[in-house]
1. Cβ contacts < 7 Å: first residue within 22 Å of Leu116 (Cα to Cα), restricted to the range 161-172; second residue open to solvent by less than 70 Å² (accessible area, probe 1.4 Å) and acidic (Asp, Glu), any location; separation 6+ or different chain. Result?
2. Scanning for something open to solvent by less than 70 Å² (accessible area, probe 1.4 Å), modelled with pLDDT of 90 or more and more than 17 Å from Ile73 (Cβ to Cβ), does the range 153-163 turn up at least one residue?
3. From the set of residues in the range 27-52 that are among the aromatic types (Phe, Trp, Tyr) and in a strand (DSSP E or B), which is surrounded by the fewest Cβ atoms within 10 Å (Cβ to Cβ)?
4. Of these, Glu134, Glu148, Glu181, Glu190, which one is over 30 Å from the mean Cα position of the chain (by Cα), acidic (Asp, Glu) and exposed (fewer than 14 other Cβ atoms within 10 Å of the Cβ)?
5. Out of Ile243, Ile208, Ile197, which single residue is open to solvent by less than 100 Å² (accessible area, probe 1.4 Å), at pLDDT 85 or above and over 25 Å from the mean Cα position of the chain (by Cα)?
6. Could you please let me know if Thr173 is at negative phi, open to solvent by 40 Å² or more (accessible area, probe 1.4 Å) and in contact with a Phe, Trp or Tyr (Cβ under 8 Å, 6 or more places away or on another chain)?
7. Just a yes or no: is a residue in the range 7-20 among the polar types (S, T, N, Q), loosely packed, with under 14 Cβ neighbours inside 10 Å and modelled with pLDDT under 90?
8. Please work out which residue is nearest to Glu100 (Cα to Cα), limiting yourself to the range 21-43 and to residues that are modelled with pLDDT of 90 or more and among the small types (Gly, Ala, Ser).
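The values are calculated or read from the model by the stated rules, or taken from the named source; none is laboratory data. Note that the structure is a prediction, hence the values are computed from the model and not measured. Positions of Cβ are backbone-derived with ideal geometry, glycine not excepted, and every protein chain shown enters the neighbour counts. Ligands, DNA and RNA are stripped out before the accessible areas are found, and what is left, the full protein with its side chains, is counted by its heavy atoms. Shrake-Rupley method; radii C 1.70, N 1.55, O 1.52, S 1.80 Å.
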Amino acid sequence: MEYLVITLAVLGIVYVMMAVKMVRQGYQYTIERFGKFTTVAQPGLTLIFPFIDRVGRKVNMMEQVLDIPGQEIITKDNAMVAVDGVVFFQVLDAAKAAYEVSDLYLAVMQLTTTNLRTVMGSMDLDETLSKRDEINGRLLSIIDLATEAWGVKITRIELKDIRPPADIVNAMTRQMKAEREKRATILESEAARQNDINRAEGQKQSQILEAEGRKEAAFRDAEARERSAQAEAEATRLVSTAIENGSSQSLNYFIAQKYVEAVGLFATSPNAKTILFPVEATQLIGTLGGIGELAREAFGDAAPKPPTPPAPRRRGPFEGPAEVAGQ
């Protein structure tokens, strides 16, 4: 009897241990009763009926990364490229992921590989190299729609590397170099053109300013000549008025002024070292005396004095007394 109790106690402990299942965080277990799915066990402790219920599949509910091996793909323009990538996915429904597809990882990989060939095969080589985001977006929408029935959410697809053949890489390098040289030549020509335009514009502005300066100078010169002519005309008018009023000293003043200017020109001439005045030069003193009389008349002197007679000239060695007196 004692052995029976011990045996029953041991069997009870074993039964309880078999009935209690611990589900780890990040996982969900499917519970099957006689081979048929009944429920999903959440993380924590779960009680089942041993020998009747059992754990079917342990489904990882965390986001997972699936590596897509390198693929040789022929593009639309018959270029061979090697492509590899990664797929990020997460199981949202453990029951569907366990029972709607036989091998979830293999199915996702094969689905991604075939659609990658389809998408990149419909594009040119230049498009496959420059439009990675577009390729990723198209693959994501296609594969996520296909895996929705499996309870799986495709969160992201990324192409890690696209490797064209070596000869195409060399051709692309030469093309890029030629394109950069072309742009450099165009930029240099544009800079030279802009430089010529700026220089021509500067010359144009300089000529305009120079012409404006000449115009202003000519206007100033003309204005000065006009004022000088007006002053000369006014002086002439005053002299004419003085002559009409009976004063001949004004005329003597003008004659003496012109005479002095002429003598000054002789003195400043670079070709004349010696100046010989004519005999009539002694009459200049009388003219200057007339200028003095004109000044006295201008200041109100009522008794003008007669002009001083010229001084007698010395007799030359070949002149007689009569000739000197006649002078």
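1. Sorted first by the residue in the range 161-172, then by its partner, the pairs are Asp161/Asp84.
2. yes
3. Phe37
4. The unique qualifying residue is Glu134.
5. Exactly one residue qualifies, and that residue is Ile208.
6. For Thr173, the condition - at negative phi, open to solvent by 40 Å² or more (accessible area, probe 1.4 Å) and in contact with a Phe, Trp or Tyr (Cβ under 8 Å, 6 or more places away or on another chain) - is not met.
7. Looking for residues that are among the polar types (S, T, N, Q), loosely packed, with under 14 Cβ neighbours inside 10 Å and modelled with pLDDT under 90, one finds at least one in the range 7-20, hence yes.
8. So the residue we want is Ala41.
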